[in-house]
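The values are calculated or read from the model by the stated rules, or taken from the named source; none is laboratory data. In this text, all values refer to a predicted model and were calculated from it rather than measured experimentally. Backbone-built Cβ (ideal geometry, glycine too); neighbour counts: all protein chains shown.
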(Lines give C-alpha, C1' and ligand atoms only; values in the text may rest on other atoms or scores of the structure.)
Protein backbone atom coordinates (compact mmCIF):
# COMPACT_ATOMS: atom_id res chain seq x y z
CA UNK A 1 0.00 0.00 0.00
CA UNK A 2 1.40 3.43 0.79
CA UNK A 3 4.74 2.03 1.91
CA UNK A 4 5.29 0.85 -1.64
CA UNK A 5 6.51 4.23 -2.84
CA UNK A 6 9.34 4.63 -0.33
CA UNK A 7 11.80 2.70 -2.48
CA UNK A 8 11.18 4.68 -5.66
CA UNK A 9 11.16 8.17 -4.23
CA UNK A 10 12.13 9.41 -0.81
CA UNK A 11 9.06 10.20 1.25
CA UNK A 12 8.98 13.80 2.41
CA UNK A 13 8.12 13.47 6.10
CA UNK A 14 6.22 15.95 8.20
CA UNK A 15 6.75 16.28 11.95
CA UNK A 16 4.89 13.12 12.98
CA UNK A 17 3.85 10.90 10.05
CA UNK A 18 1.82 7.77 10.72
CA UNK A 19 3.15 4.34 9.84
CA UNK A 20 1.52 2.98 6.73
CA UNK A 21 0.46 -0.29 8.38
CA UNK A 22 -1.29 1.69 11.12
CA UNK A 23 -3.10 3.74 8.49
CA UNK A 24 -4.19 0.64 6.59
CA UNK A 25 -5.58 -0.86 9.80
CA UNK A 26 -7.37 2.44 10.49
CA UNK A 27 -8.97 2.47 7.04
CA UNK A 28 -10.02 -1.13 7.46
CA UNK A 29 -11.59 -0.29 10.82
CA UNK A 30 -13.47 2.60 9.21
CA UNK A 31 -15.03 0.24 6.67
CA UNK A 32 -12.93 1.49 3.77
CA UNK A 33 -11.80 -1.78 2.17
CA UNK A 34 -10.93 -3.16 -1.23
CA UNK A 35 -14.60 -3.91 -1.85
CA UNK A 36 -15.78 -0.46 -0.73
CA UNK A 37 -15.69 1.01 -4.23
CA UNK A 38 -19.05 2.25 -5.46
CA UNK A 39 -20.73 -0.11 -7.88
CA UNK A 40 -24.00 1.61 -8.69
CA UNK A 41 -24.89 4.83 -10.45
CA UNK A 42 -26.76 6.15 -7.41
CA UNK A 43 -23.86 5.77 -4.98
CA UNK A 44 -20.99 8.20 -4.30
CA UNK A 45 -18.13 8.19 -1.80
CA UNK A 46 -16.42 11.16 -0.16
CA UNK A 47 -13.28 10.52 1.95
CA UNK A 48 -12.07 13.46 4.03
CA UNK A 49 -8.90 14.02 6.08
CA UNK A 50 -8.84 17.60 7.44
CA UNK A 51 -5.53 17.06 9.32
CA UNK A 52 -3.66 15.29 6.52
CA UNK A 53 -0.03 15.90 7.62
CA UNK A 54 2.15 13.97 5.18
CA UNK A 55 -0.94 12.61 3.40
CA UNK A 56 -0.59 8.97 4.43
CA UNK A 57 -4.31 8.46 5.09
CA UNK A 58 -5.38 9.98 1.76
CA UNK A 59 -2.69 8.13 -0.20
CA UNK A 60 -3.49 4.81 1.44
CA UNK A 61 -7.21 5.39 0.81
CA UNK A 62 -6.57 6.02 -2.88
CA UNK A 63 -4.37 2.92 -3.12
CA UNK A 64 -7.03 0.82 -1.39
CA UNK A 65 -9.93 2.07 -3.51
CA UNK A 66 -7.91 1.55 -6.68
CA UNK A 67 -7.02 -1.97 -5.51
CA UNK A 68 -3.36 -1.28 -6.20
CA UNK A 69 -1.31 -4.39 -5.35
CA UNK A 70 1.04 -4.25 -2.35
CA UNK A 71 4.70 -4.05 -3.32
CA UNK A 72 3.93 -2.88 -6.84
CA UNK A 73 6.78 -0.36 -6.74
CA UNK A 74 9.25 -2.58 -4.93
CA UNK A 75 11.64 -5.21 -6.23
CA UNK A 76 10.62 -8.84 -5.78
CA UNK A 77 10.86 -9.54 -2.03
CA UNK A 78 12.05 -13.13 -2.50
CA UNK A 79 14.63 -12.28 -5.18
CA UNK A 80 17.90 -14.09 -4.54
CA UNK A 81 16.37 -16.75 -2.33
CA UNK A 82 15.47 -20.35 -3.07
CA UNK A 83 11.81 -19.45 -2.56
CA UNK A 84 11.75 -17.17 -5.61
CA UNK A 85 9.72 -18.58 -8.51
CA UNK A 86 9.87 -16.10 -11.43
CA UNK A 87 6.95 -17.67 -13.30
CA UNK A 88 4.67 -17.75 -10.28
CA UNK A 89 5.66 -14.21 -9.25
CA UNK A 90 5.00 -12.83 -12.73
CA UNK A 91 1.62 -14.54 -12.78
CA UNK A 92 0.67 -13.06 -9.40
CA UNK A 93 1.78 -9.57 -10.44
CA UNK A 94 -0.23 -9.82 -13.66
CA UNK A 95 -3.34 -10.98 -11.81
CA UNK A 96 -3.03 -8.16 -9.26
CA UNK A 97 -2.55 -5.61 -12.04
CA UNK A 98 -5.62 -6.85 -13.89
CA UNK A 99 -7.70 -6.37 -10.73
CA UNK A 100 -6.82 -2.67 -10.49
CA UNK A 101 -9.62 -0.13 -10.60
CA UNK A 102 -9.51 3.51 -11.52
CA UNK A 103 -11.40 5.87 -9.25
CA UNK A 104 -14.31 7.34 -11.19
CA UNK A 105 -14.16 11.09 -10.65
CA UNK A 106 -17.90 11.60 -10.43
CA UNK A 107 -18.41 8.83 -7.87
CA UNK A 108 -15.42 8.94 -5.54
CA UNK A 109 -13.63 11.96 -4.15
CA UNK A 110 -10.73 12.04 -1.69
CA UNK A 111 -10.08 15.36 0.01
CA UNK A 112 -7.08 16.12 2.23
CA UNK A 113 -6.24 19.45 3.83
CA UNK A 114 -3.84 20.92 6.35
CA UNK A 115 -3.15 24.41 7.66
CA UNK A 116 0.61 23.88 7.10
CA UNK A 117 1.53 24.75 3.51
CA UNK A 118 4.78 22.80 3.82
CA UNK A 119 2.79 19.71 4.75
CA UNK A 120 0.55 20.13 1.70
CA UNK A 121 3.59 20.49 -0.57
CA UNK A 122 4.99 17.27 0.94
CA UNK A 123 1.62 15.52 0.49
CA UNK A 124 1.51 16.34 -3.18
CA UNK A 125 5.00 14.98 -3.77
CA UNK A 126 4.30 11.85 -1.74
CA UNK A 127 1.13 11.24 -3.77
CA UNK A 128 3.11 11.64 -7.00
CA UNK A 129 5.69 9.14 -5.74
CA UNK A 130 2.86 6.72 -4.94
CA UNK A 131 1.25 7.24 -8.39
CA UNK A 132 -2.11 8.25 -6.88
CA UNK A 133 -1.86 12.06 -7.08
CA UNK A 134 -4.61 12.19 -9.72
CA UNK A 135 -7.11 10.78 -7.23
CA UNK A 136 -6.57 13.19 -4.31
CA UNK A 137 -7.58 16.81 -3.95
CA UNK A 138 -5.12 18.52 -1.57
CA UNK A 139 -5.94 21.92 -0.10
CA UNK A 140 -4.04 24.37 2.10
CA UNK A 141 -6.83 24.97 4.62
CA UNK A 142 -7.47 24.80 8.34
CA UNK A 143 -9.88 22.05 9.38
CA UNK A 144 -12.71 24.57 9.85
CA UNK A 145 -12.08 26.03 6.39
CA UNK A 146 -12.05 22.49 5.01
CA UNK A 147 -15.52 21.78 6.37
CA UNK A 148 -16.80 25.15 5.19
CA UNK A 149 -15.57 24.32 1.69
CA UNK A 150 -17.25 20.92 1.79
CA UNK A 151 -20.52 22.42 2.95
CA UNK A 152 -20.52 25.04 0.22
CA UNK A 153 -19.09 23.12 -2.71
CA UNK A 154 -18.32 19.44 -2.40
CA UNK A 155 -21.70 18.08 -1.36
CA UNK A 156 -23.21 20.10 -4.19
CA UNK A 157 -20.81 18.30 -6.51
CA UNK A 158 -22.22 14.92 -5.54
CA UNK A 159 -25.86 15.98 -5.25
CA UNK A 160 -25.96 17.78 -8.58
CA UNK A 161 -28.87 16.55 -10.67
CA UNK A 162 -28.75 16.47 -14.41
CA UNK A 163 -31.92 18.23 -15.49
CA UNK A 164 -31.20 18.23 -19.21
CA UNK A 165 -34.17 15.94 -19.87
CA UNK A 166 -36.63 17.78 -17.67
CA UNK A 167 -38.27 19.54 -20.63
CA UNK A 168 -39.32 16.16 -21.99
CA UNK A 169 -40.93 15.01 -18.73
CA UNK A 170 -44.60 15.53 -18.00
CA UNK A 171 -44.77 13.71 -14.66
CA UNK A 172 -42.86 14.01 -11.40
CA UNK A 173 -39.87 11.69 -11.23
CA UNK A 174 -38.10 10.65 -8.04
CA UNK A 175 -34.37 10.04 -8.01
CA UNK A 176 -32.68 8.08 -5.24
CA UNK A 177 -29.03 8.85 -4.49
CA UNK A 178 -26.73 7.56 -1.77
CA UNK A 179 -23.71 9.48 -0.48
CA UNK A 180 -21.17 7.73 1.75
CA UNK A 181 -19.07 10.21 3.74
CA UNK A 182 -16.05 8.93 5.64
CA UNK A 183 -14.09 11.37 7.80
CA UNK A 184 -10.81 9.63 8.65
CA UNK A 185 -8.13 11.69 10.35
CA UNK A 186 -5.24 11.94 12.79
CA UNK A 187 -5.55 15.29 14.60
CA UNK A 188 -2.58 16.88 16.41
CA UNK A 189 -1.79 15.49 19.85
CA UNK A 190 -0.33 18.68 21.31
CA UNK A 191 2.69 16.84 22.72
CA UNK A 192 5.32 19.13 21.18
CA UNK A 193 3.42 22.17 22.40
CA UNK A 194 3.42 20.91 25.97
CA UNK A 195 7.04 19.75 25.84
CA UNK A 196 8.34 23.14 24.65
CA UNK A 197 7.26 24.93 27.81
CA UNK A 198 9.66 26.57 30.27
CA UNK A 199 6.91 26.49 32.88
CA UNK A 200 5.77 22.92 32.30
CA UNK A 201 2.81 22.76 34.64
CA UNK A 202 1.28 26.04 33.49
CA UNK A 203 1.98 25.40 29.82
CA UNK A 204 0.74 21.81 29.98
CA UNK A 205 -2.59 22.95 31.40
CA UNK A 206 -2.89 25.69 28.81
CA UNK A 207 -2.01 23.32 25.94
CA UNK A 208 -4.52 20.75 27.18
CA UNK A 209 -7.26 23.37 27.15
CA UNK A 210 -6.31 24.44 23.63
CA UNK A 211 -6.31 20.83 22.41
CA UNK A 212 -9.68 20.13 24.00
CA UNK A 213 -11.15 23.22 22.35
CA UNK A 214 -9.74 22.15 18.98
CA UNK A 215 -11.12 18.61 19.27
CA UNK A 216 -14.51 19.92 20.35
CA UNK A 217 -14.59 22.38 17.47
CA UNK A 218 -13.70 19.54 15.11
CA UNK A 219 -16.59 17.49 16.51
CA UNK A 220 -18.91 20.47 16.20
CA UNK A 221 -17.95 20.93 12.54
CA UNK A 222 -18.52 17.23 11.78
CA UNK A 223 -21.92 17.28 13.50
CA UNK A 224 -22.95 20.58 11.94
CA UNK A 225 -21.91 19.92 8.36
CA UNK A 226 -23.00 16.29 8.11
CA UNK A 227 -25.54 15.55 10.81
CA UNK A 228 -27.41 18.77 11.55
CA UNK A 229 -26.42 20.75 8.51
CA UNK A 230 -28.37 23.39 6.68
CA UNK A 231 -29.54 21.12 3.90
CA UNK A 232 -30.30 23.99 1.55
CA UNK A 233 -26.58 24.82 1.52
CA UNK A 234 -25.18 21.31 1.70
CA UNK A 235 -27.40 19.62 -0.86
CA UNK A 236 -28.11 22.57 -3.16
CA UNK A 237 -31.87 22.24 -3.04
CA UNK A 238 -34.82 24.58 -2.90
CA UNK A 239 -36.84 22.91 -0.15
CA UNK A 240 -35.66 20.09 2.07
CA UNK A 241 -36.94 17.84 4.83
CA UNK A 242 -34.16 16.22 6.84
CA UNK A 243 -34.55 13.34 9.29
CA UNK A 244 -31.47 12.61 11.39
CA UNK A 245 -31.08 9.23 13.09
CA UNK A 246 -27.68 8.76 14.73
CA UNK A 247 -25.23 9.42 11.90
CA UNK A 248 -27.67 8.96 9.03
CA UNK A 249 -29.27 11.90 7.26
CA UNK A 250 -32.39 11.17 5.21
CA UNK A 251 -33.07 14.18 3.05
CA UNK A 252 -36.13 14.48 0.83
CA UNK A 253 -35.93 17.34 -1.61
CA UNK A 254 -38.45 18.96 -3.90
CA UNK A 255 -36.94 21.21 -6.52
CA UNK A 256 -38.81 24.17 -7.94
CA UNK A 257 -40.42 23.41 -11.27
CA UNK A 258 -38.55 24.98 -14.15
CA UNK A 259 -41.51 24.59 -16.45
CA UNK A 260 -45.24 24.29 -15.92
CA UNK A 261 -45.18 20.62 -16.90
CA UNK A 262 -41.96 19.40 -15.20
CA UNK A 263 -41.32 18.88 -11.51
CA UNK A 264 -38.48 16.75 -10.19
CA UNK A 265 -38.34 15.27 -6.70
CA UNK A 266 -35.20 13.67 -5.34
CA UNK A 267 -34.34 11.76 -2.19
CA UNK A 268 -30.75 11.78 -0.95
CA UNK A 269 -29.47 9.59 1.85
CA UNK A 270 -26.07 10.62 3.22
CA UNK A 271 -24.43 8.22 5.65
CA UNK A 272 -21.53 9.65 7.63
CA UNK A 273 -18.90 7.87 9.69
CA UNK A 274 -15.96 9.35 11.56
CA UNK A 275 -12.70 7.61 12.46
CA UNK A 276 -10.10 9.32 14.64
CA UNK A 277 -6.52 8.32 15.46
CA UNK A 278 -5.06 9.78 18.65
CA UNK A 279 -3.06 9.20 21.82
CA UNK A 280 -5.75 10.48 24.22
CA UNK A 281 -8.94 8.44 24.12
CA UNK A 282 -10.72 10.73 26.56
CA UNK A 283 -10.21 13.86 24.48
CA UNK A 284 -11.42 12.02 21.35
CA UNK A 285 -14.59 11.05 23.18
CA UNK A 286 -15.12 14.69 24.14
CA UNK A 287 -15.52 15.72 20.50
CA UNK A 288 -19.27 15.22 20.83
CA UNK A 289 -19.33 12.83 17.88
CA UNK A 290 -21.82 10.10 18.70
CA UNK A 291 -21.20 6.36 19.01
CA UNK A 292 -17.39 6.43 18.83
CA UNK A 293 -16.06 3.00 19.76
CA UNK A 294 -12.47 1.86 20.29
CA UNK A 295 -11.51 -0.24 17.25
CA UNK A 296 -7.97 -1.09 18.30
CA UNK A 297 -5.04 0.06 20.45
CA UNK A 298 -1.41 -0.04 19.32
CA UNK A 299 1.97 1.61 19.85
CA UNK A 300 3.43 4.22 17.54
CA UNK A 301 6.51 6.36 18.06
CA UNK A 302 6.86 5.21 21.65
CA UNK A 303 3.31 6.08 22.68
CA UNK A 304 -0.01 4.31 22.94
CA UNK A 305 -2.37 5.07 20.06
CA UNK A 306 -6.14 4.63 20.04
CA UNK A 307 -8.33 4.37 16.97
CA UNK A 308 -12.00 5.22 17.55
CA UNK A 309 -14.76 5.04 14.97
CA UNK A 310 -18.56 5.06 14.70
CA UNK A 311 -18.57 3.13 11.42
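Out of 210, 225, I need the residue that is at pLDDT 85 or above, part of a helix (DSSP H, G or I), out of contact with any strand residue (DSSP E or B) (no Cβ under 8 Å at 6 or more places or on another chain) and surrounded by 15 or more Cβ atoms within 10 Å (Cβ to Cβ). Which one?
225
Output yes when any residue across the stretch 254-270 is modelled with pLDDT of 95 or more, crowded, with 17+ Cβ neighbours inside 10 Å and outside any strand (DSSP E or B), and no when none is.
no
So which of 87, 97, 56 is at pLDDT 85 or above and more than 13 Å from the chain's Cα centre (by Cα)?
Answer to the selection: 87.
Scan the stretch 21-43 residue by residue and report those that are at pLDDT 65 or above, part of a loop (DSSP other than H, G, I, E, B) and more than 18 Å from residue 67 (Cβ to Cβ).
Hit for the stretch 21-43 is 42, nothing else.
Let's see how each residue does on (1) modelled with pLDDT of 90 or more; (2) under 27 Å from residue 270 (Cα atoms); (3) assigned to a strand (DSSP E or B):
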residue	(1), (2), (3)
112	yes, yes, yes
139	yes, yes, yes
146	yes, yes, no
149	no, yes, no
176	no, yes, yes
193	no, no, no
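Counting only residues that are surrounded by 17 or more Cβ atoms within 10 Å (Cβ to Cβ) and within 16 Å of residue 47 (Cβ to Cβ), which one in the stretch 127-138 is farthest from the chain's Cα centre (by Cα)?
130
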